[in-house]
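Peer 1: Here's a structure for you.
Every number here is computed from the coordinates shown, using simple stated rules; none is lab data. Not measured: the values here are computed from a predicted model. FYI the Cβ positions are ideal-geometry reconstructions off the backbone, even for glycines, and counts take in every protein chain you see.
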Amino acid sequence: MSSTGSAASRRLLDEIGSVDAVGIEERVAKYSTRSIKRASKVFGLKLAVSMVDLTTLEGKDTPGKVASLCVKALHPHVAPDEGKSLDDLPPVAAVCVYPAMVRHARRHLGNSSPVRIASVATAFPSGQSPLKTRLAEVRAAVSDGADEIDMVINRGAFLAGEFGRVQDEISAVVEACGSRALKVILETGELETYDNIRAASFLAMRVIRPGDFIKTSTGKTSSNATLGNNQVMIEAIRDYFLDTGIAIGMKPAGGIRTAKQSLAFLVAVKETLGDDWLTPARYRFGASSLLNDLLRQLVKEKTGAYQAPYAFSEATESY
Amino acid sequence: MARLIITKTPKVYVGGAFIRSESGRTFPLKDSQGAFVGHVPQCTRKDLRTAVEAAARAGAGWARRTAFNRGQILYRLAEMMEARTGELADAIMLGGTAAATAKAEVSTAVDRLIYYAGWADKYEQVLGNVNPVSGPYFNFTVTEPMGVIGLIAPDDAPLLALVSLLAPTIVSGNAAVALASETQPYPAILLGEMLATSDLPGGVVNLITGYRKELLPTFATHQHLRGIGGTTNAEERKLLQSGAAESIKRVKLTSAEDRFDWTTDTAQSLYAIRDWLEFKTTWHPIGS
């Protein structure tokens, strides 16, 4: 970070408080040690299913792939044998696609779908396009039928200490979203420190609306959502809520592949933000393969037999 | 100055690493005189699950290796065992086997590996086929490995039987999760150390130790195990067969009551390789 950047950052951190990195690491290490079995495990797994933003963000996405994604989002588990599907399984929270795929998703889900459509926009994942282009992309996704917009912040501006510019850009996207929910991706992997993650969380929360989200990462860099990043961000959400009464949602994304991981994240939410955040309206998982593992574990809980990934549209070696 | 005795902690070989049971449990291993030898991991169904996952991860890559390469690696394993013959024989003698018999068991186990290493790039010629059809097509039958196979080793001949089960399973590209003899697990612990230095990719062979009663129900029902082989008594066989019916896996078991003789040449066969193969028939038009 440049010297002007660090000065701006110091001023902000004086105001919001800095992060005890060792404390965070120690706190999150405990989350994975909770013993969650049987009924509570099934409850947690089903809750996690309802929070999944089922994602496909690849250059090779096709309308056909988006169509299958939508079917899976609406009916996460359909067993080949009648009567063997999981009962009372909720649909996932949303599908998450590129702007060009939004209209295809809308066509398959219809207008009154329980599954929402989230679209990454603003030159995802780098955000390195002129603001005008980024806003046009948001408007296009909204007019094609997106319910939620996932934007990336300008990390270059943030690291250079131009906090005003970061916030102005977020405000402009808020405006372009209209009534649609907004998720602000901080890309924690590029922010280097926990202090920066906390600072960026506050910058974003101060200009977005109640019901909007902050989100860890794009899933396109090597460093993704971790329990540590998640903890820094949900503590920021808690502190902001206690200060202002405004409830902001949270979405960890990228690298959450197993049911076990997702349960640890839910433990973090319950023990930091409380039950009010244990709802898809305030907490989401951005993931592509997590849903399959959740289903695999739910079927294991139901039948008692360990299941193979190939029965849940995963490759045989994908453990 | 008297030296502190350094004893070895027996660990099981899973996913290319030497691990204890996730439960932290062990059971005491005693020699035939009742003297304490060591604490052997008492693996749980979760350890078995972990082992199956390791096998599934390693299996695809192993199956893609050339047949020649798989043969070379089995041969290399035989080399590793040959160099540690004495140690392996000592491990077998813990169970009360006479020295000469134990030595003979080790050499037979090494020879058995060589036998199957030789088959690696030859079984396809014998088991596969070009089928005669009445049309302008080629019709081939080729073999494919099944995937992850569970093996239950008997208490007789704890090293030789285990090797005789493992070698024909992995030579064709399967991955294996094997439960070592409950009464004589130590040779399997040593075999793990040799597997680790044999160029065999980690996870292709996973050896676990523990109680059959605890582990067999999971062997029976785990959906990702595509086959189950080895030696069991009648009660265990029934359990495995009904679990296998539910999860649709192939069962090839011998009876513990028969006291199968693992030492003779009848214990090695091309058909032991065939036990864990699927056959695929393809049609191909003959060019003009």
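Peer 1: Of the residues A:254, A:189, A:23, which exhibits the maximal mean-square fluctuation in a Gaussian network model of chain A defined by a 10 Å Cα contact cut-off?
Peer 2: Largest GNM mean-square fluctuation: A:23.
Peer 1: Find the all-direction average of the projected area of the Cα convex hull for the stretch A:224-319, expressing the result in square nanometres with one decimal place.
Peer 2: Approximately 6.7 nm², given one-decimal rounding.
Peer 1: For the stretch A:47-194, just run the numbers: alpha carbon Rg, then divide by 2.2 N^0.38 Å, N being how many residues it has.
Peer 2: Working it through for the stretch A:47-194, the quotient is 1.16.
Peer 1: Going by how many other Cβ atoms sit within 10 Å of their own, how do A:88, A:150, B:31 line up, fewest first?
Peer 2: Arranged by neighbour count, lowest to highest, A:88, A:150, B:31 become A:88, B:31, A:150.
Peer 1: Taking a quarter of the surface of the convex hull around the Cα atoms of the stretch A:276-319, what do you get in nm²?
Peer 2: Projected over every direction and averaged, the Cα hull of the stretch A:276-319 covers 4.0 nm².
Peer 1: Restricting to the protein assembly as shown, compute how many DSSP beta bridges are antiparallel as a %, nearest 5.
Peer 2: 30 percent
Peer 1: Could you list log10 I(q)/I(0) for the stretch B:133-288 at q = 0.14, 0.21 Å⁻¹, which the Debye formula gives when each Cα is one point scatterer?
Peer 2: Result of the Debye calculation: -0.70, -1.43.
Peer 1: What relative contact order, as a whole-number percentage, does the stretch B:12-285 give when Cα pairs under 8 Å and 6 or more residues apart are counted?
Peer 2: Across the stretch B:12-285, relative contact order equals 25 percent.
Peer 1: Same structure, new question: Please compute, for the alpha-carbon atoms of the stretch B:1-88, the extent along each of the three principal axes and give them in descending order in Å.
Peer 2: 51, 34, 29
Peer 1: Could you put A:133, B:231, B:169, A:56 in order, starting from the residue whose Cβ has the fewest other Cβ atoms within 10 Å?
Peer 2: Placing the least packed residue first, the sequence is A:133, A:56, B:231, B:169.
Peer 1: Considering every Cα-Cα pair within the stretch B:115-156, what fraction, in whole percent, is farther apart than 13 Å?
Peer 2: Within the stretch B:115-156, distances greater than 13 Å cover 70 percent of Cα pairs.
Peer 1: While we're here: Checking the table A:46/A:220; A:65/A:302; A:46/A:260; A:37/A:300; A:300/B:46; A:41/B:46 against a 19 Å threshold on Cα-Cα, which pairs fail?
Peer 2: Table pairs above 19 Å Cα-Cα are A:46/A:220; A:65/A:302.
Peer 1: Please list the equivalent ellipsoid semi-axes of chain A, computed as the square roots of five times the alpha-carbon gyration tensor eigenvalues, in descending order and whole angstrom.
Peer 2: Computed over chain A, the values are 32, 24, 16 Å.
Peer 1: In nm, what is the difference between 0.36 nm times the number of residues separating residue A:40 and residue A:160 and their Cα-Cα distance?
Peer 2: Between residue A:40 and residue A:160, full extension yields 38.6 nm more.
Peer 1: Using only Cα atoms, locate the centre of the stretch A:141-211 and the centre of the stretch B:46-105, then give the distance between them in Å, rounded to an integer.
Peer 2: Their Cα centres are 56 Å away from one another.
Peer 1: Sticking with this structure for a sec: Against the longest alpha carbon principal axis of chain B, how many degrees, from 0 to 90 and to the nearest 10, is the axis of helix B:234-247 turned?
Peer 2: That helix lies at roughly 50 degrees to the long axis.
Peer 1: Round to a whole angstrom and tell me the spacing of the C-alpha centers of the stretch A:45-66 and the stretch A:95-109.
Peer 2: Centre-to-centre distance over Cα atoms comes out at 11 Å.
Peer 1: Can I get the semi-axes of the protein assembly as shown's equivalent ellipsoid? Compute them from the C-alpha gyration tensor as square roots of 5 times the eigenvalues, in angstrom, largest first.
Peer 2: Listed largest to smallest, the semi-axes of the protein assembly as shown are 54, 30, 22 Å.
Peer 1: In terms of the Cα gyration tensor, with a ≥ b ≥ c the square roots of its eigenvalues, is the stretch A:1-69 rounded because a/c is under 1.5, prolate because a/b exceeds b/c, or oblate?
Peer 2: Because a/c hits 1.5 or more and a/b fails to exceed b/c, the stretch A:1-69 counts as oblate.
Peer 1: Give me the percent relative contact order of the stretch A:134-211, please, defined on Cα pairs under 8 angstrom at least 6 residues apart.
Peer 2: 37 percent
Peer 1: Under Stokes-Einstein, with the Kirkwood radius over Cα pairs standing in for Rh, what whole-number D in µm²/s applies to the stretch B:98-205 at 10 °C and 1.306 mPa s?
Peer 2: Translational diffusion coefficient: 101 µm²/s.
Peer 1: Angle, helix B:186-196 long axis vs. longest principal axis of chain B, Cα atoms, 0 to 90°, nearest 10?
Peer 2: With both axes taken from Cα atoms, the answer is about 50 degrees.
Peer 1: Could you list A:275, A:212 in order of exposure, starting from the residue whose Cβ has the fewest other Cβ atoms within 10 Å?
Peer 2: Lowest count first: A:275, A:212.
Peer 1: Kirkwood Rh over Cα pairs of chain B into Stokes-Einstein at 4 °C, 1.567 mPa s: D in µm²/s?
Peer 2: Rounded to a whole number, D works out at 66 µm²/s.
Peer 1: Taking Cα pairs under 8 Å and at least six residues apart, what relative contact order does chain A come out at, in percent?
Peer 2: With pairs under 8 Å counted, the relative contact order is 19 percent.
Peer 1: Continuing with this model, one more query. I'd like the orientation of helix A:131-144 relative to chain A: the angle between its Cα long axis and the longest Cα principal axis, in ° from 0 to 90, rounded to 10.
Peer 2: 30 degrees
Peer 1: Also: Of B:138, B:260, B:36, which is the most mobile in a GNM of chain B whose springs link Cα atoms less than 10 angstrom apart?
Peer 2: Greatest mean-square fluctuation among the candidates belongs to B:138.
Peer 1: Add -39500 (n - 2.57) for each DSSP H run of 4 or more in chain A, then divide by its residues: what number comes out at 222 nm, to the nearest 500 deg cm²/dmol?
Peer 2: Helices in chain A give a 222 nm mean residue ellipticity of -15000 deg cm²/dmol.
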